[in-house]
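For reference, the structure is listed below as structure tokens.
Where a number appears in this text, it was derived from the coordinates with a stated rule and is not lab data. Since we're looking at a predicted model, the values are computed, not measured. Ideal geometry is used to build each Cβ from the backbone, glycine not excepted, and the neighbour counts take in all protein chains shown.
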Amino acid sequence: MLPKFAPALLRLRLALTQFSVGTLLAGALLLGAALLWLVILPGISTRVDEDVRAVARARSAPLPKAVVPAQALAAERLAAFYAALGDAGHTEQVVTQLFDAAAKAGVELEKAEYKPAHDAAGRFETYTIILPVKGDYARLRRFCETFLLTVPYAALDNMRFKRNSANEQAIEASLQFTVFLRPDVAGAVPLSAAASTSVAIPASASVAPDVAADRAQR
């Protein structure tokens, strides 16, 4: 094989002897520049473009949410729960708001039954109010909506309707509200220590604050 390449090598050697060292160096530099331009630079440009796009994606991505420990999250939720409850030391305000809602809706409250209780597991007080009322459906609905909007920590647990005849507009209803309250730390006696009470309410709405004050003393 080597004898076949010998003439070619000889002709290459003779051609190189015709050029000076400077010419050969310039040719080598020109060849290197061409190699750099055609092969190396496109690869570098592609990697730079990819890095720029990666940086842009990282900047536009939303910031990661802070990791909250489970214990701290549970404590935060528990504090928010108690903050949403009413104050067990001011149940008279609930009764006053009940009367105000009834007056705005045109509903007369003739009797009310109060049942305080304590939830040991949840460590909060409940104040159940049972009201037998009579009126048309629109007024009863307005009364319930007004009271629940005014007292957001109250719930309408049960409602029963009765109509004596199809032609009668008035409806007899039994409404049961439950008010959820924070324990009164400063108070000496919790709500659950009081017995269930049934109070007869005079027809005049002007006595509502007096009844509320009487409930607060009890």
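Straight-line reach from residue 134: taking Cα to Cα under 19 Å and skipping same-chain neighbours fewer than 8 places apart, the lysines in range are 104, 111, 162. Taking a ≥ b ≥ c as the square roots of the Cα gyration tensor eigenvalues, the range 82-123 comes out prolate, since a/c reaches at least 1.5 and a/b is larger than b/c. Rounded if a/c is under 1.5, else prolate if a/b beats b/c, else oblate: with a ≥ b ≥ c from the C-alpha gyration tensor eigenvalues square-rooted, which is the range 96-170? In terms of gyration-tensor shape, prolate. The label-point distance for residue 79 and residue 145, in a model that sets each label 7 Å from Cα toward Cβ, rounds to 3.7 nm. For residue 108, the residues whose modelled amide H falls within less than 5 Å of its own, excluding neighbours fewer than 5 places apart on the same chain, are 134. Restricting the GluC sites (Glu not before Pro) of the range 88-181 to loop positions (DSSP other than H, G, I, E, B) with no more than 16 neighbouring Cβ atoms within 10 Å leaves 108, 110, 168.
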